[in-house]
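The values are calculated or read from the model by the stated rules, or taken from the named source; none is laboratory data. Remember, predicted model here, so these are calculated numbers, not experimental data. Heads up, the Cβs are rebuilt from the backbone with ideal geometry, glycines too, and the neighbour counts pull from every protein chain shown.
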Amino acid sequence: MGLLDFFKRIEPDKKKSPLLHTAYDAFFTFAFSPNTTAKGGVHIHDGMDLKRTMIHVVLAMQFCYIFGMYNIGHQHFLAIGEHTGLLEGLHLKLAFGLVKLLPIIVVSNLVGLGIEFYFAAKKGHAVEEGYIVSGALIPLIMPPDLPLWILALAVIFAVWIGKEAFGGTGMNILNIALLARVFVFFAYPTTISGDEVWVAGLADQGAGLAANYGGIFTGFFNWIFESFNWTTFNNGALVVDGYSGATPLSLAYQGGWEAVTDKYTTSSMFWGTIPGSIGETSKPLILLGVAILLLTRIASWRIMLSMFIGAAVMAMMLNAWGATPFMEVPWFYQFYMGSFFFAMAFMATDPVTAASTNRGKWIYGFFIGFVGMIVRVLNPAYPEGWMLAILFMNVFAPLIDHYVLEANISKRLKRA
Amino acid sequence: MEFFNIFIKAAFIENMVLAYFLGMCSYLAVSKSVTTAFGLGLAVIFVLGITLPINWVISEMILSENGWLGMDLTFLRFILFIAVIASMVQLVEMIVEKVSPALYNSLGIFLPLITVNCAILGGSLFMVAREYNFGESVAYGLGSGFGWFLAILAIAAIREKIRYSNVPPALRGLGMAFILTGLMGIAFMSLMGIDPAALAAGN
């Protein structure tokens, strides 16, 4: 038990430095479940505590992280027409993605956890685990080139107003990760919507749009790659003529399913080698995460299933209506585009903001699917609907629970 | 279909509370429990649904230059609108007192105060500004009333839920209600920008 001894040795004094002890406590309970027992009231102890539950969700996301890292690089090299094969220049793509993704992860966690630590010390109790999942989700739903100060502002808004004002973990009404994204979406719309933002390393280079790598690529990474005799980063490659980073959804809005298939194949949309938010693109890997969440029984299958049904029903109704090209996209192809599965797996199932009764979950999930498809197809202002649909239903989740409970109470009263 | 579009638009897309922030006083004051919020919401739907068509008749038939009197009396609009709203609210008050004394007591002063609820006068003025016809004004009245009803029910359920939360003492009560309203406004922005009329026309 070397680690336990190490933790015991470095434990700071609780009286002298409360902030330091709070931080220490957070990392200690991360590694070991504490063996102290609560003094007042009745408590149920279980090995599967909040921290372990959250870590399972984070683990289920790791596939999305690895693929997201690759896809940032892949989309970049597609744009400048180098290494267009899937596995060509893999080391370059991964290195490029890593350098783009790592600062986003660091800023998201540093800012969010900083606020959590501060409030925990201020309120005088242990650090709450809530931000572990939010902090892992936020990088996955941002575009790769988002300026870091905007990300920091969004995280501050979401954690402070969305969570700490309500009293901390487990008491927020709206999903924290989505609140951070919606903040960017409404406050800095140009950084998160449009055709240019989804491909990294090209937006900020002016007219010529030549690839121009910083010192970290040409210096550090090229030094490593040269020693293996691998291909290296080269400045000056121009963006391919006629290239556009339009996502399938924006193409579908303009010209229906035909416009999408002109540019992307269904298999590339399915496997995820398309532009989009960092973690949302690859459907099989998200479904792998779904499998983990369902096997460990952390996420609710009711919400996932009913959300799928809701979206399918709405999409079929839109098919029947068929007034615009987007409405005529066959309903099952709607699931190939955009972030439906990511939202279903990790956002809608958030146990804090979802409805908590079983029947309520069916209603809640169904309406997310229903409203989300309306926003996606019918609302010209927004490219994708799930973020706003989930926030919309978050607002109504307590109301759904209230009436489900009322109905149950009156049913039982009648039976008695 | 046209009336349905106006109903949906008034209820969800241009929600009185969460898009225009009208009718905030009773919305914030009576949203502590779902039951009373439900009662007040129904009263607002009723008052909006009745006063808008009546006000439409008054504004088109009496106050307008093309009306029965043949004079431009639009400067009387506010006074007459308020008079109609006040008498309707009085009617609602008598009905509620007769039918459900418990609800009457829990609503207290906020039931007569629907008279000065800006969502109601706002509804009438929007109706005039947007030049709705009679049928449209009925749909608009019911739709905006339903939107208000939905908003107050949602915030009442949330406020019942966060009663068990560890909200910082400085924010308890109204402070939290304001923050909540803002966050709900963000969530309602999901539907903003949809144009039902254009969609129905097929473009």
From the list A:I55, A:I44, which residue is farther than 30 Å from A:Y243 by Cβ and in a loop (DSSP other than H, G, I, E, B)? A:I44
In the range B:78-104, what count of residues is obtained for those that are among the charged types (D, E, K, R) and either surrounded by fewer than 17 Cβ atoms within 10 Å (Cβ to Cβ) or outside any helix (DSSP H, G or I) (or both)? 2
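Of everything in the range A:178-205, what is more than 14 Å from every other protein chain (Cβ to nearest Cβ) and small (G, A, S)? Give them in sequence order.
Of the range A:178-205, the ones more than 14 Å from every other protein chain (Cβ to nearest Cβ) are A:188, A:190-192, A:194-205.
Correct list: A:G194, A:A200, A:G201, A:A203.
For the range A:372-394: of the residues being outside any helix (DSSP H, G or I) and within 8 Å of chain B (Cβ to nearest Cβ), which is farthest from B:S33 (Cα to Cα)?
To start, the set of residues in the range A:372-394 that are outside any helix (DSSP H, G or I) comprises A:379-385.
With the extra rule that they be within 8 Å of chain B (Cβ to nearest Cβ), the set shrinks to A:379-382, A:385.
Values: A:N379: 34, A:P380: 37, A:A381: 35, A:Y382: 34, A:G385: 31 Å.
Ranking the qualifying residues of the range A:372-394, first place goes to A:P380.
Hey, could you check the range B:190-203 for residues that are of a type in the set (G, A, S) and at the interface with chain A (Cβ under 7 Å from one of its Cβ atoms) and say which is surrounded by the fewest Cβ atoms within 10 Å (Cβ to Cβ)?
So the first thing to find is which residues in the range B:190-203 are of a type in the set (G, A, S), and the list is B:190, B:193, B:197-198, B:200-202.
With at the interface with chain A (Cβ under 7 Å from one of its Cβ atoms) added as a condition, the list becomes B:190, B:193, B:202.
Numbers: B:S190: 27, B:G193: 13, B:G202: 10.
Filtering the range B:190-203 for residues that are of a type in the set (G, A, S) and at the interface with chain A (Cβ under 7 Å from one of its Cβ atoms), the one surrounded by the fewest Cβ atoms within 10 Å (Cβ to Cβ) comes out as B:G202.
Condition test on B:L107, is it part of a helix (DSSP H, G or I), in contact with a Gly (Cβ under 9 Å, 6 or more places away or on another chain) and facing another protein chain (nearest Cβ under 8 Å)? Spell out the reasoning first.
Values: part of a helix (DSSP H, G or I): yes; in contact with a Gly (Cβ under 9 Å, 6 or more places away or on another chain): yes; facing another protein chain (nearest Cβ under 8 Å): no.
Answer is no for this residue.
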Out of A:K51, A:K14, A:K39, report the one residue that is free of Cβ contacts under 8 Å to residues at least 12 places away in the same chain, surrounded by 10 or more Cβ atoms within 10 Å (Cβ to Cβ) and either among the basic types (K, R) or in contact with a Ser or Thr (Cβ under 7 Å, 6 or more places away or on another chain) (or both). A:K14
Looking at the range A:395-413, is at least one residue in contact (Cβ under 8 Å) with a residue 40 or more places away in the chain and not in a helix (DSSP H, G or I)? no
Taking A:V329, is it over 18 Å from the mean Cα position of the chain (by Cα), closer than 22 Å to A:L378 by Cβ and not assigned by TED's automatic domain parsing to the domain that holds A:W362? no
Those residues of the range A:307-355 that are among the small types (G, A, S), touching a residue at least 60 places away in the same chain (Cβ under 8 Å) and farther than 16 Å from A:V371 by Cα come to a total of 1
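β-branched (V, I, T) and assigned to a helix (DSSP H, G or I) - does that describe any residue in the range A:268-283?
No.
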Test for B:A187: is it in contact with a helix residue (DSSP H, G or I) (Cβ under 6 Å, 6 or more places away or on another chain), more than 7 Å from every other protein chain (Cβ to nearest Cβ) and either in a loop (DSSP other than H, G, I, E, B) or not basic (K, R) (or both): no
Return yes or no: is B:I54 aliphatic (A, V, I, L, M) and loosely packed, with under 14 Cβ neighbours inside 10 Å? no
If B:P112 satisfies every condition in (1) surrounded by 16 or more Cβ atoms within 10 Å (Cβ to Cβ); (2) of a type outside the set (F, W, Y); (3) under 15 Å from the mean Cα position of the chain (by Cα) but one, which is the exception? (1)
List the number of the failed condition for B:Y132; all other conditions in (1) within 13 Å of another protein chain (Cβ to nearest Cβ); (2) touching a residue at least 24 places away in the same chain (Cβ under 8 Å) hold. (1)
Given the conditions (1) surrounded by fewer than 18 Cβ atoms within 10 Å (Cβ to Cβ); (2) among the aromatic types (F, W, Y); (3) within 17 Å of B:C25 (Cβ to Cβ), and given that B:F149 satisfies all but one, which numbered condition is not satisfied? (1)
Buried (at least 18 other Cβ atoms within 10 Å of the Cβ), without any contact (Cβ under 8 Å) to a residue 24 or more places away in the chain, at negative phi and not charged (D, E, K, R) - does that describe any residue in the range A:292-306? no
Among the numbered conditions (1) surrounded by fewer than 15 Cβ atoms within 10 Å (Cβ to Cβ); (2) within 21 Å of A:W223 (Cβ to Cβ), tell me where A:G85 comes up short. (2)
Hey, could you check the range B:143-184 for residues that are within 10 Å of chain A (Cβ to nearest Cβ) and among the β-branched types (V, I, T) and say which is farthest from the chain's Cα centre (by Cα)? B:V167
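Among the listed residues A:A320, A:A354, A:A311, which satisfies the condition of being on the phi < 0 side of the Ramachandran plot, in a helix (DSSP H, G or I) and crowded, with 24+ Cβ neighbours inside 10 Å? Step through it out loud before you land on a result.
Details: A:A320 fails: crowded, with 24+ Cβ neighbours inside 10 Å; A:A354 fails: in a helix (DSSP H, G or I).
Only one candidate passes the filter, namely A:A311.
Could you identify the single residue in A:L137, A:L153 that is touching a Gly at 6+ places or on another chain (Cβ under 9 Å), more than 12 Å from chain B (Cβ to nearest Cβ) and among the aliphatic types (A, V, I, L, M)? Before the answer, list the steps.
Values: A:L153 fails: touching a Gly at 6+ places or on another chain (Cβ under 9 Å).
Every option except A:L137 fails the conditions.
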Among the residues of the range B:31-51 satisfying the criterion of being over 21 Å from B:G141 (Cα atoms) and of a type in the set (S, T, Y), which is surrounded by the most Cβ atoms within 10 Å (Cβ to Cβ)? B:S31
Failed item in (1) more than 30 Å from A:W331 (Cα to Cα); (2) surrounded by fewer than 20 Cβ atoms within 10 Å (Cβ to Cβ), with A:P398 passing the rest: (2)
